[in-house]
Every structure is written in structure tokens, then in C-alpha cells.
1. For segment 413-456 and segment 215-243, what is the separation of their Cα centres, given in Å?
2. Please give the FRET efficiency for L294 paired with S421, using the beta carbon to beta carbon distance and R0 = 45 Å, rounded to the nearest 0.05.
3. I'd like the antiparallel share, as a percent to the nearest 5, of DSSP beta bridges with both residues in the chain.
4. Step through the residues of segment 282-297 one at a time and calculate ³J(HN,Hα) from phi using the Karplus curve (6.51 cos²θ - 1.76 cosθ + 1.60, θ = phi - 60°), rounding each to whole Hz and writing x for Gly and Pro.
5. How much net charge surrounds L331 when only other residues with a Cβ under 14 Å from its Cβ are counted (Lys, Arg +1; Asp, Glu -1)?
6. Using alpha carbons only, how many angstrom separate the centre of segment 76-130 from the centre of segment 314-338?
7. Can you tell me which lysines have their Cα less than 19 Å from the Cα of K134? Leave out same-chain residues fewer than eight positions away.
8. What residues qualify as long-range amide H neighbours of V312, i.e. H under 5 Å apart, gap of 5 or more or another chain, H built at 1.01 Å from N?
Amino acid sequence: PRVCVVGSGPAGFYTAQHILKHHGGALVDIYEKLPVPFGLVRFGVAPDHPEVKNVINTFTQTAHSERCAYYGNVTVGRDVTVPELQQAYHAVVLSYGAEDNRVLGIPGENLPGVYTARAFVGWYNGLPENRDLKPDLSCETALILGHGNVALDIARILLSPLQLLRKTDITDSSLAALACSKVKRVWLVGRRGPLQVAFTIKELREMINLPGARAVLDPADFAGLESAVKDAPRPRKRLTELMIKTALEKPVEMQAAAAGAAAPREWGLKFQRSPQEVLPSADGRRARGIRMALTCLEGSGDSAKAIPTGDVEELECGLVLSSIGYRSLPLDPAVPFDSQHGVIPNSSGRVEGVPGLYCSGWVKRGPTGVIITTMNDSFDTAQSVLEDLQGGVLDISPSREGFGLVESILRSRGVRPVSFSDWEKIDAAEVARGKAAGKPREKIVDPAEMLRIIGH
């Protein structure tokens, strides 16, 4: 059986890995829009979290299997359609993730100084489409809307000492911009309360221990929570206790402050505030603050809803980053898509009403969870493919040409795919450039330059 996987992030690679491991004869081809593989492992994981990127070693092993092939620089839905892939393969798995972001839907969100978390993370991680972002970091106060791990990542990158970032694979241009940044205060704002934050204790602890930055948490926000959290699941309980402990600790007055040095950088959490409008500067040319509705919570736990109380508050800030979630987009008119939930309708990864078509990862279940969540989810989809192969649901009697057919389609459209060994040349060039600068790698952010390196 010939199987094709669209997208080379964790969902795509884990799906391929599981099929190859549990079916001794299956051939798997992975298609990727960019010349370079690994999706959000490369472009989403924070540069100061290199250990999370170790999964790349597993993915590379999968790509090296003689029954697996990688074709980068191919945009499915444009260079080749899903029905064309279905002609070429016995099974097609869509694992292309969430390449858009949710919008705030408030006045002023398009003002200069307002960015999505997706674009900002893409900028410092070298995602080609965000390489020209040039965020304005000339203000002292930044405000991040959202209480997830991505929001904490951004706060940490904005406040980290440069010597920590210099040793990472953060891009050269974003490092230069951060070196000139005036940002010294970051507020993370959420619509709901401390019991509903979505970040994890590891990320929070890292933020609390960030050198040269102090946490500003208001003890009043945590009043009475110790009893409320007594019977909560252990991770939620420990996370809440750490926030309470941090809020109640008297800040150690730094010796430097006594010597009249500048106040350290600081960050804080604000709760039960919902953005209403990004306020423009006097000349209307940029963001100068944000108006927020104060909310009260109806219900409890994860299902609590934030209801505006009628009171509002304004906060001055020159940089607004919205970290309220990613969003999947429809890929091809031939594929059913639930635009309300931003997913492909499916059961256990089988796309509804289209036999032989599957999905895994964020486009299957929505943009939540960490790499391990995506791994389990992808194994689940791969298992559905294997069951359908074994149960005869997928007819593999007609032989399919796989890449042979796709290659002629791509050639007729002037598209030249990039192989995994091509990627390894780009990889070697990045590592060599990084070595010269004392970094693990210096990412190449221009696809045209990537293609030049491999002589395309």
C-alpha cells in the first residue's frame, strides 16, 4: 500500500512512523509546503527549549527509512490537489496543522504595534512568512492577551537576558531587534481567573526564575483559592499553589536597587479582563493602550464563562500580542471542513464521507496540546489506516503509482520538490553558520536562499 502524508510537523511524522513500524510493506511519502521539515518543532518551540526539539532525531530516523520519502517545496491544494493525491495513493492523511490564528474581533486590532502570537513566534523562530515582521519594541510596556504556554514563551523571550538568547537558535535579526528593545514590563492578560490558566507549571516556574525579571502577582487575585483547589486534579493544584506562593512572597529588594540602579524588568498576570478595543495614539498611527472589560465568572473549573460586569479599565502599552490560539484552514475544496470549529470532520481520523482520506494532529482535533498529545493522536489515526488496510476497507488491488504520478503532475506545473537529503544540506549549512556565531544553528529564513544552497 502507498500512503501519502500531507505536512511534516509532529502529526505527519508520527503518523508515518506508526504506519511504517506496524506494516512491513507500506510505502509512505510525506509532502511539505516549505523546503524544510518539522513544522512547529522548528518554527513553534521556543529557541531556549532545545530539549523539546530532540524529537527531530526520531523524525530523521523515520525519513531515512527506505520505505519513506520526503517531498518539500510542494503546496498541496495548489501544486497538486487532494483528488490527484487520491489517484496516486491508496490512503491520504492530512496533517497540515493550523496555519492561521484566531482574531480578536475588536476595533484597533490592525493598528501598528499589534501582532498575533503566531506571527511574533514565527518571526523569532525564522518562519519564512514572518521574516519581515519588524515588530516595534520601542515601548516600555507590552501586553499579551492569553494565558497559555505560547504567551509565557513570548514574555520570556521579551524579558530574557541577551546572553541567554545568544546561545540559542533564535534568528540573528530578531536577536538584534531584542538587543535594542525598550520593553521592560510585560502583562499577561486573561478573560478568566487563576483556576482557568492554560499554561503548565514547568513554563510558569521558568518564568518565575528568569534572571533579572521579577513577578508581580496581586495576592488579592488568589484570595480563597487554596481551599477551592483542594480537590482539584494534582497538576492544577500544584500550579495554583505556585502562583499563590509567588504572589505572597515579598520581593527581595535587590541590592542594586539600594545602589540606585534601574528597577529590574518585571512581568505579571492579570485576570478577568476581556479586550474591548486597542486604543490608538493621538495621531492614530499606532497602539498606545488597550481598553478591557472587567469580567466575573459564571460556573467553575474549566467550563467557567467570563461575563462582562459593565466596568472597564484602560492599560497603557505600546505593544499588544494576541495569543488566543491558532486556527486551521481548509486545504482543498474536495475536503470537507467544519469552519466553525476549524477542523476536518472525522471519526478516529477517518474523514467523514471520503473513504481513503484521513487526518491527524491539529486539523483533526483543534489546535491544543503539546507534542506528546499530537503523538498519541497521530498513532490513533495511523491505527485507523492500518485497520482499514487489514479489514479490506481500502482496496489495494489496483496498484497506485504514488510519487511517480505526482512527479509528472508537478513537472507539468513547474514545481521541483526538495528531498530529505537536500534538507540535510540546508541543515548542514545552518549548523555551520551557527557554529561560527557560537549558536546551535543560524536558521536560513529565505526559501530562495534555501533552494540556492541545494542548487535548485
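The values are calculated or read from the model by the stated rules, or taken from the named source; none is laboratory data. Bear in mind the structure is a predicted one, so any value in this text is a computation, not a measurement. Every residue, glycine as well, gets a Cβ built from its backbone with ideal geometry; the counts of neighbours run over all protein chains shown. When the accessible area is computed, the model is the full protein with side chains, heavy atoms only, and any ligands, DNA or RNA have been set aside. Shrake-Rupley method; radii C 1.70, N 1.55, O 1.52, S 1.80 Å.
1. 46
2. Result of the calculation: an efficiency of 0.20.
3. 40
4. 3, 7, x, 8, 7, 6, 10, x, 9, 9, 10, 7, 6, 10, 10, 9
5. Around L331, the surrounding residues sum to -3.
6. 9
7. K182, K184, K443
8. L294
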